[in-house]
Amino acid sequence: MVKSSTSELRQFPSLLRGLRLPQLQLVRMAGAGANFRKMAEALHVTQPAITKMARELERTLGAPLFEREATGVRLSRFGLAVLSQVQRSLAHLEQLVDDLPSHREGSGAALRIGSPSFTAAALLARPVAQWLGCTPAGRVIMSDGVSAQLLSMLHAGELDVVIGSLDDGSCSDDELQQLRFESLYEDAITFVTGADTPGLEGPLDLADLCRLPWVLPPRNSLVWMTLRRELTLHGHGLPHGVVEASSIPAIGTILHHAAGTVGALRADAGRYLIHHHGLRMLEVVPSMSLPRVGIMRLRSAPPEASLDALLAMVRTEVLRMFRSH
């Protein structure tokens, strides 16, 4: 039996007794650009019912949430201020529904991890496998995407943690204040090539590499954008030929079989290919830094023992990865 002191028991605020979940859904849908007609269709009610729900919610919270316009509706300044908390509250409730079968069976909730796809393969795959070996009934849901997309999901309560980098413009100043960032390692563009590629010894500059075909992550990746900026600043054009691929194994296979081809990747992906595809690292000057890679969680997130155990394995994997090269 769990005993709780009186100080640990929080009185349920009277304001919350007047809230209904469909009302909170209105805020989330308005934040996504929906008008009252689309809200009515989504909730299977009439548009006048949506208008009534919105007014009741504004009366309960004591401030206008919606601004009506000829073209539709948008959130007011107050509505935007409460949007992220509403999103997280609904996401947590939806996650509870998803986790109920596991709770009934006595297993834990799923851990929801977001990362760029390259980081998922190069850094997270081994720790997740190790964690599952120690947690037979455990569940992990891995999502990939660019930094801004993943951080938006984190703030909305759709992810428990993001492992990646804080890129410029990936979140607002207010959202940044809500994050707890733990640095894992410094990142930089890593150049690799096949072990049989001749003539690429010693320090190389971009001009040397631009005469060769390259294999790169997609154009919306941080690696691509950083390279394009550096090439422009140094007066170079694009490489002789470019293959874009979002799969680490595909990039590694191409580099392994196409002698004289250069790959440019993030540090974790580069080291993964060196270890698993027999590639070698090139020394290129100047070095091109990328934002540090780290663990990002919301400051308001409660401690979670199973997630902490998995993150401890991630930190160990970082040490192994960078100690071996």
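The values are calculated or read from the model by the stated rules, or taken from the named source; none is laboratory data. These numbers were taken from a predicted model, which means no experiment stands behind them. Cβ placement follows ideal geometry from the backbone for every residue including glycine, while neighbour counts extend to all protein chains displayed.
Assorted remarks:
- Some residue of the range 210-220 being more than 17 Å from Met281 (Cα to Cα) and of a type in the set (D, E, K, R): yes
- Residue within the range 130-145 that is of a type in the set (Phe, Trp, Tyr) and over 23 Å from the mean Cα position of the chain (by Cα) present: no
- Within the range 188-222, tally of residues that are among the small types (Gly, Ala, Ser), modelled with pLDDT under 90 and in contact with a strand residue (DSSP E or B) (Cβ under 6 Å, 6 or more places away or on another chain): 1
- In the range 42-98, residue nearest to Leu24 (Cα to Cα) [restricted to those that are of a type in the set (Lys, Arg) and touching a residue at least 24 places away in the same chain (Cβ under 8 Å)]: Arg88
- For the range 231-246, the criterion of being at pLDDT below 90, of a type in the set (A, V, I, L, M, F, W, C), surrounded by 12 or more Cβ atoms within 10 Å (Cβ to Cβ) and part of a strand (DSSP E or B) is met by at least one residue.
- The C-beta contact set for the range 182-203 (first residue touching a residue at least 12 places away in the same chain (Cβ under 8 Å), second residue of a type in the set (Asp, Glu), distance under 9 angstrom, 6+ apart or interchain) comprises Tyr185/Asp268; Asp187/Asp268; Ile189/Glu230; Thr190/Asp268; Phe191/Glu283; Leu200/Asp208; Gly202/Glu283; Pro203/Glu283.
- Answer from Ala91, Ala125 - the residue that is in a helix (DSSP H, G or I) and closer than 30 Å to Pro64 by Cβ: Ala91
- Selection of the range 159-179 for residues being among the acidic types (Asp, Glu) and farther than 12 Å from Gln85 by Cα yields Asp160, Asp167, Asp168, Asp173, Asp174.
- Any hit, the range 156-175, residues being touching a helix residue (DSSP H, G or I) at 6+ places or on another chain (Cβ under 8 Å), of a type in the set (Gly, Ala, Ser), exposed (fewer than 15 other Cβ atoms within 10 Å of the Cβ) and closer than 22 Å to Pro302 by Cβ: no
- Answer residue from the range 133-155, given it is in contact with a Lys or Arg (Cβ under 9 Å, 6 or more places away or on another chain) and in a helix (DSSP H, G or I) and is surrounded by the fewest Cβ atoms within 10 Å (Cβ to Cβ) among those: Met153
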